[in-house]
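Here it is: the structure, laid out below.
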2 protein chains.
Amino acid sequence: MSKETSAEEKILTAARRIFENKGMSGARMQEIADEAKINKSLLHYYYRSKQKLFEAVFKSAFNTLSPQINTILSSDKDICEKITDFTYNYTSFMVKHPYLPNFILQELNRNPEFVTELISSKNIPGMKKFKNQIKEAVKKGKIKDISAEQLFINILALNIFPFIGAPLLKGFLETSDKEFKVLLENRKTEVADFIIQSIKL
Amino acid sequence: MSKETSAEEKILTAARRIFENKGMSGARMQEIADEAKINKSLLHYYYRSKQKLFEAVFKSAFNTLSPQINTILSSDKDICEKITDFTYNYTSFMVKHPYLPNFILQELNRNPEFVTELISSKNIPGMKKFKNQIKEAVKKGKIKDISAEQLFINILALNIFPFIGAPLLKGFLETSDKEFKVLLENRKTEVADFIIQSIKL
DNA sequence: ACATTTGCTGACCATTTGGTTAAACTGTTT
DNA sequence: AAACAGTTTAACCAAATGGTCAGCAAATGT
C-alpha cells in the first residue's frame with residue numbers, strides 16, 4: 001500500500017485479490033492494473049503473460065495451504081493432539097483468508113494436472129508416516145479401526161468445507177455473516193472434539 | 001443425443017457440460033454451440049444471452065442439489081437413519097455428477113446473492129424442524145449435546161467435500177482415479193458411521 | 001396452392017481483451 | 001552533462017467474443 005512497496009509486489013498483491021475472487025478466466029488484466037494503481041503494460045513487464053501472472057499467484061496460494069495440510073501427515077505429535085492443533089490453526093488462519101480454499105480448489109478442478117506438478121515439485125511428505133501412525137494407534141487400542149485415508153479426508157472436509165460452502169451454508173442456516181463467524185469460531189475446537197469422539201474407543 | 005431431442009434440449013445439455021467445468025466466465029458461447037452441434041445464433045434464439053443461458057443451467061443444477069439437502073432438514077426419520085440415508089443417497093448420486101457441487105459452490109462464491117434469491121424463491125424448509133429434532137434427541141439422551149447448526153455443517157462437509165476436493169485429495173493421498181473411486185464407494189456407509197459414532201452417547 | 005408462423009443459419013458488427021511497442025521518465029555512472 | 005540502464009506510460013493492434021439481423025427452410029394453418 002505505501003509508496004515503498006515495489007511495483008512488482010503491488011502487482012502480486014492486486015493479482016491475488018482479483019484472481020482469488022474472479023478466478024483465472026474471470027479476471028481482467030486491466031482490473032488487476034487498476035487495483036494495483038499502475039499501467040497495464042507494467043503487468044507484462046514484470047510477468048510476461050496473464051498465464052504467468054496467474055501461476056505466480058496460484059503457486060503462492062498453494063504454498064500457503066499445503067504446509068498446513070502437511071503437518072497432519074508429517075508431524076510427530078500424538079494423533080489426537082495433531083487433530084486438535086490442526087483444527088485450531090487451520091481455522092484461525094482461514095478466517096483471515098476465506099477465499100483461499102475456494103480459489104485453490106476451483107482452479108485445481110479446472111486444471112487437475114496442476115496437482116501432480118505442484119506435489120512432485122514440492123516435498124510433499126506422502127502418506128506413509130501418517131498411515132503408520134494410524135495403524136500403530138489402532139493396534140495399541142488407542143483409536144478405533146479406521147483407514148488413514150478416510151480419516152485424512154474427514155479431517156480436511158470438516159475443516160475446509162465451511163469456507164468453500166459458506167454461501168450455501170449461510171443460506172440454509174439462515175444466518176447473518178456475523179452469526180456465521182461465530183459458528184466458525186466455535187469450530188476451532190468443536191471440530192476436533194467431533195473427530196476425536198468418533199475415533200476414540 | 002438422438003435426432004429426436006429438440007435443439008433447446010441439446011443446448012441445455014451442452015451448456016450444462018461446458019458451464020460445469022469451465023464456469024460462467026470460462027465458457028464460450030461458440031464452444032457450447034459446437035458441443036450441441038448447432039449454430040451459435042440458435043443459442044441466442046432460445047436463450048437471449050449468455051447470462052440467461054447460464055442462469056437456466058445454474059438453477060437446474062441448484063434444484064438438483066437442494067432437494068437432497070432438504071431431506072436432512074425436513075424428513076421425519078430418526079436422526080441416525082436420516083444421516084445414514086442421506087450419506088448413501090447423496091454420495092451415490094454425486095458419483096454420477098461429480099462436477100455439480102464444485103460448479104454450484106464456485107458460482108455461489110462468485111455471486112453470493114444467488115443464494116438468497118434461490119432459497120427464498122424455492123420453499124426451503126428452514127432449520128426449525130431440524131433444530132427441534134436435535135434438541136429433542138439431546139433431551140431424550142439419544143445423542144450427545146451438539147448444536148444443530150454444527151451437525152448440519154459437519155454432515156454436508158463430510159459428504160460434499162470429497163467431490164470438491166477430489167484433485168487435492170488425489171494428490172495428497174497419491175491415489176489413482178480408480179482407487180479414489182473405491183474410497184468414495186466406501187464413504188457411502190463409512191461417513192454415516194463416522195458421524196453417528198461422534199454424536200451417540 | 002398460398003400465406004404465415006416457427007426453427008435455423010451464415011455473415012456481420014461492436015466491444016473487449018491480452019499483448020506489443022516506442023517513447024518518456026528516473027536514477028546512476030562516467 | 002552525457003551516456004546508460006531500469007522503470008513506467010500512452011497509443012496501438014490482432015484476435016476473440018457476445019450478440020444481431022436478414023434471409024432461408026420447414027412446418028402449420030387456411
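Looking at (1) among the small types (Gly, Ala, Ser); (2) open to solvent by 30 Å² or more (accessible area, probe 1.4 Å); (3) within 7 Å of chain A (Cβ to nearest Cβ), which is the one condition that is false for B:Gly171?
(2)
Regarding region A:59-81, can at least one residue be identified that is away from chain B (no Cβ under 13 Å), within 16 Å of DNA strand C (Cβ to nearest atom), under 30 Å from A:Lys188 (Cβ atoms) and free of Cβ contacts under 8 Å to residues at least 60 places away in the same chain?
no
Also, I was wondering about something else. State the number of residues belonging to region A:187-199 that are free of Cβ contacts under 8 Å to residues at least 40 places away in the same chain and more than 7 Å from chain B (Cβ to nearest Cβ).
Qualifying residue count, region A:187-199: 1.
Let me ask another. Please give the helices (runs of 4 or more DSSP H) falling wholly within region A:1-105 in which 1 or more residues are among the charged types (D, E, K, R) and open to solvent by less than 70 Å² (accessible area, probe 1.4 Å). Can you show your working first?
On the way: elements: A:7-26, A:29-36, A:40-46, A:50-74, A:79-96.
The qualifying helices (runs of 4 or more DSSP H) are A:7-26, A:29-36, A:50-74, A:79-96.
Looking at (1) in the same structural domain as B:Leu108 (by TED's automatic domain parsing); (2) under 23 Å from B:Leu108 (Cβ atoms); (3) free of Cβ contacts under 8 Å to residues at least 24 places away in the same chain; (4) out of contact with any helix residue (DSSP H, G or I) (no Cβ under 8 Å at 6 or more places or on another chain), which is the one condition that is false for B:Glu55?
Here B:Glu55 meets the rest and fails (1).
Now for a separate question. Would you tally the residues in region B:113-149 being outside any helix (DSSP H, G or I) and open to solvent by less than 70 Å² (accessible area, probe 1.4 Å)? Before you say what the answer is, go through the steps one by one.
Within region B:113-149, the subset outside any helix (DSSP H, G or I) is B:122-127, B:140-147.
Those left that are additionally open to solvent by less than 70 Å² (accessible area, probe 1.4 Å): B:124-127, B:141, B:143-144, B:146-147.
Residues meeting the conditions: 9.
Could you check how many residues of region A:23-64 are among the polar types (S, T, N, Q), within 12 Å of DNA strand D (Cβ to nearest atom) and out of contact with any Lys or Arg (no Cβ under 9 Å at 6 or more places or on another chain)?
Step one: filter region A:23-64 for residues among the polar types (S, T, N, Q), giving A:25, A:30, A:39, A:41, A:49, A:51, A:60, A:63-64.
Filter once more, so that each one left must be within 12 Å of DNA strand D (Cβ to nearest atom): A:25, A:30, A:39, A:41.
The next check asks that each one be out of contact with any Lys or Arg (no Cβ under 9 Å at 6 or more places or on another chain); those that pass are A:39, A:41.
The total comes to 2.
The values are calculated or read from the model by the stated rules, or taken from the named source; none is laboratory data. Note that the structure is predicted; figures quoted are calculated from it, not measured. Cβ atoms come from the backbone with ideal geometry, glycine included; neighbour counts cover every protein chain shown. Note: areas computed on protein heavy atoms with side chains; ligands, DNA, RNA excluded. Shrake-Rupley method; radii C 1.70, N 1.55, O 1.52, S 1.80 Å.
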